[in-house]
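Engineer: Sending over a structure as structure tokens; questions will come in a sec.
Throughout, read-outs are computed from the coordinates displayed, never taken from laboratory work. This structure is a prediction, so every number in the text was calculated from the model and none was measured. All Cβ positions, even for glycine, are placed from backbone atoms using ideal geometry, and neighbour counts span all protein chains on display.
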Amino acid sequence: MDSIYVSFEKCLKKHYAMGAFNFFNLESLQAILQAGEECKMPVICSISESAIQYIGLNTAVMMFETLSQNKKYPAYLHLDHGRSYEICKKAIDAGFDSVMIDGSSLSFDENVKLTKKVVNYANKQGVFVEGEIGVLAGNEDNVNNLESRYSNPEEVKKFVELTKVDSVAVAIGTSHGAYKFKYDQKLRIDILSEIEKLLPKFPIVLHGASTVDKKTIKQINIRGGKLKNAKGVDKNELMIICKDHNVCKVNVDTDIRLVFIASLRQTLRSSPKEINPRYFLSEAKESMKTIIAEKIFLFKGLKN
């Protein structure tokens, strides 16, 4: 089975991106792994600090190791938005394939210092490291930023050279959560292109890339939800970014949560006498698997 380093190299060479999908319980992890197998593509199973607090670090690792056994296609366990050296070290020691150290809210020098520390430790263990430069707005798990700050291409180049990270997450206009764009805000492909000129053939990561399907939002709202004016990234723009640029990893969290909630609301309403939790969670798992498969094909530049 390919190492995560080899999988990223293939993404650069063949111009597609791997999906990094956040899991928060057993069913969401099952959905990610099953979708990867059915689509015959590698997947990254991401877990945030808050999800680790909910599930438990060792429990999450054991779940992943058990469910990913005997898979024909690569699956990798990834720490999403690690905010400290300590949490990254714990994830590395626990057996994660990759970690993200997110020092984007710090000054440039402090971000470099923190990221280098993680890289130095991770390199000894053969663990892949993602850094971030620029700030994504939005509220999701332990990420809470009121305003965005676009990545400066020159700073991105300097950051990569100083830290020796394996990939870098950049801010080009996306944001976390279900409310990604306000007013005339849009994706800054020009910034992405400039970064690629300065860092040719270097893996770039796109966070906050959920598309926030309008039909799913409508399904939630007509069943009692209150998600007004939610808006995500355009599917066609995402496909172009993955095909024509060096984006090798695209993070998806919100879309998975949305279909999970939409499914639960539907089955709870349509089956008021049902008291077996497995019935509701099985339906939700299938909904998550479907949306994850759609993303896998999208990031490969294909229409499902």
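Engineer: Could you list, in their original order, any pairs among 71/117; 89/164; 164/214; 113/228 whose Cα atoms are separated by more than 29 Å? Before the final figure, lay out each step's value.
Structural biologist: On the way: 71/117 33 Å; 89/164 17 Å; 164/214 40 Å; 113/228 40 Å.
Checking Cα-Cα distances, 71/117; 164/214; 113/228 exceed 29 Å.
Engineer: Which residues make up the longest stretch of the chain clear of GluC sites (Glu not before Pro) that lie in a DSSP loop with no more than 16 other Cβ atoms within 10 Å, not counting the sites? Walk me through the numbers on the way to the answer.
Structural biologist: Details: sites that count: 147, 274.
By the stated rule (loop sites, at most 16 other Cβ atoms within 10 Å), 1-146.
Engineer: Starting from the coordinates of the alpha-carbon atoms of the range 203-256, obtain the Kirkwood hydrodynamic radius over all distinct pairs and give the value in Å to one decimal.
Structural biologist: On the way: mean 1/r = 0.0813 Å⁻¹.
Here the Kirkwood hydrodynamic radius works out to 12.3 Å.
Engineer: I would also like to ask the following. Could you let me know the centre-to-centre spacing of the range 24-48 and the range 223-269, using Cα atoms, in angstrom?
Structural biologist: Value for the Cα centre distance between the two parts: 15 Å.
Engineer: What is the list of residues in the range 199-224 whose amide nitrogen lies under 19 Å from a point 7 angstrom out from the Cα of residue 158, following Cα to Cβ?
Structural biologist: 199-200
Engineer: Quick one: Karplus J couplings for the range 39-45, per residue in order, coefficients 6.51, -1.76, 1.60, θ = phi - 60°, nearest Hz, x for Gly and Pro?
Structural biologist: Karplus-based 3J(HN,Hα) across the range 39-45 equals 8, 6, 9, x, 9, 10, 9 Hz.
Engineer: Considering the chain, which cysteines have no disulfide-compatible partner, defined as another cysteine with its Cβ under 4.7 Å away?
Structural biologist: 39, 45, 88, 242
Engineer: Which number do you get for Rg(Cα) / (2.2 N^0.38 Å) in the range 4-298?
Structural biologist: Details: Rg = 18.4 Å, N = 295, 2.2 N^0.38 = 19.1 Å.
For the range 4-298, the normalised Cα radius of gyration is 0.97.
Engineer: I'd like the Karplus ³J(HN,Hα) series for the range 235-252: coefficients 6.51, -1.76, 1.60, θ = phi - 60°, whole numbers in Hz, and an x wherever there's a Gly or Pro.
Structural biologist: Per-residue couplings from phi come out as 4, 5, 5, 4, 4, 5, 4, 6, 7, 9, 10, 9, 6, 9, 8, 10, 8, 9 Hz.
Engineer: In addition: Based on the alpha-carbon gyration tensor of the range 10-109 and its eigenvalue square roots a ≥ b ≥ c, which shape applies: rounded if a/c is under 1.5, prolate if not and a/b is larger than b/c, or oblate? Write down the numbers at each step before the final one.
Structural biologist: Values: a/c = 2.13, a/b = 1.27, b/c = 1.68.
Oblate, because a/c is 1.5 or more while a/b does not exceed b/c.
Engineer: Using only helices, what value at 222 nm comes out for the chain when you add -39,500 (n - 2.57) per DSSP H run of length 4 or more and divide by the total residues, to the nearest 500 deg cm²/dmol?
Structural biologist: Details: 12 runs with 151 residues, N = 304.
Result for the chain, helices only: -15500 deg cm²/dmol.
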